[in-house]
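Here's the structure, in structure tokens; my notes come after.
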Amino acid sequence: MSPFSKYSLPFNKKEVEKIIESIIYDLIFSQPKKRFTYDEVKNCFNEILTRIVPIEKANTITSNFFDALEDIKIELEKLIFIFFNNDPASKSEIEIIVSYPGFFAIAVHRLANVLYRLDTPILPRFFSEYAHKQTGIDIHPGATIGKNFYIDHGTGIVIGETTTIGDNVKIYQGVTLGAFYVSKDLADQKRHPTIEDHVTIYAGATILGGTTVIGENSVIGGNVWITESIAPNSIVYQEFQPTIKQKNNNQIDDYVI
């Protein structure tokens, strides 16, 4: 007998991935030809939940989760225009819905966060990891994120479980909102930073710690490392002096820029 036989998976991963895609593209944003109706998606979701939790709890989670979809839809429709207005390269609203990784990651996070707050086992993290796989953006389902959250490019972003992000925050690729260190005994503590309203965080910045607060209207420059709070209306950047050398025409190209 396999030593792993006691770990019987409650669902096929592809089933849940299909539900995520159906919720976003069949229910929230209607495709020209829907694959699944509202009732079909809801029933399939509920059936998977009954393999994880008792039927009564599954019914309650399903009801509350699907009741939340209308508010999520309204929010995401507003978010489309946030993305469109912030990105000069965007050509249409439809392009954002179907191809922007930041938009997809936020959409899935809104779903995962509802499930997380409903104390749903397994599925919230599965939702977030599906978005991670698709986009390279890792947002824990427990992260609290305000309105009009804008992610540009997005690859390599990590947002931890107890992160709190206010309204109208912009984050660029490679940003980490993390903990000082990882230890199981910190599971019930706030380990990740708080980002207040109207903050912009540029590429490669790392902000760590549960007591670290980035004050409102601040700008965090690229590649900075922050482990203590920043006052509102601050600009934080790292100074460095690049070295530029001229090579002669016969010199082997041994510089990487």
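Values in this text are rule-based calculations from the coordinates and carry no lab data. No experiment lies behind these values; they were computed from the predicted model shown. In this analysis, Cβ positions are derived from the backbone assuming ideal geometry, glycine residues included, and neighbour counts consider all displayed protein chains.
Miscellaneous remarks
- The dipole here belongs to the chain: it is taken about the Cα centre, uses +1 on the Cβ of Lys and Arg and -1 on the Cβ of Asp and Glu, and is about 640 debye.
- Mean separation of Cα contacts under 8 Å (6+ apart) over length of the chain, as relative contact order %: 9 percent
- In the chain the longest region clear of GluC sites (Glu not before Pro) that are loop-assigned by DSSP and have at most 16 other C-beta atoms within 10 Å covers 1-227.
- Structure-based [θ]222 nm, the chain - -39500 (n - 2.57) summed over DSSP H runs of at least 4, per residue, nearest 500: -11000 deg cm²/dmol
- Pairwise alpha-carbon distances in the range 1-128 exceed 26 Å for 27% of all pairs.
- For the chain, the longest principal axis of the Cα atoms and the long axis of helix 123-135 meet at an angle of about 40 degrees.
- Tilt relative to the chain, helix 55-67 - C-alpha long axis, 0 to 90 degrees, to 10: 50 degrees
- The eigenvalues of the Cα gyration tensor, multiplied by 5 and square-rooted, give the range 143-237 an equivalent ellipsoid with semi-axes of 19, 14, 13 Å from largest to smallest.
- Of Ile52, Ile151, Ile207, the one that fluctuates the most in a GNM where the chain has Cα springs shorter than 10 Å: Ile52
- The range 91-111 versus the range 119-136: alpha-carbon centroid distance in Å: 16 Å
- For the range 95-161, alpha-carbon Rg over 2.2 N^0.38 Å: 1.02
- Most mobile listed residue (Ile94, Ile244, Ile19) in the chain, GNM with C-alpha springs under 10 Å: Ile244
- Comparing Ser218, Ser22, Ser90 in a Gaussian network model of the chain, where Cα atoms under 10 Å apart are tied by springs, the biggest mean-square fluctuation is seen for Ser90.
- The lysines within cross-link reach of Lys14, meaning a Cα-to-Cα straight distance under 28 Å and a gap of 8 or more places when in the same chain, are Lys6, Lys33, Lys34, Lys42, Lys57, Lys73, Lys133.
- Look at the alpha carbon pairs under 8 Å that are at least 6 residues apart: their mean separation over the length of the range 143-237 gives a relative contact order of 23 percent.
- DSSP beta bridge pairing in the chain, given as percent antiparallel to the nearest 5: 0 percent
- Difference of contour (0.36 nm per residue) and Cα-Cα distance, Ser30 to Asp87: 18.1 nm
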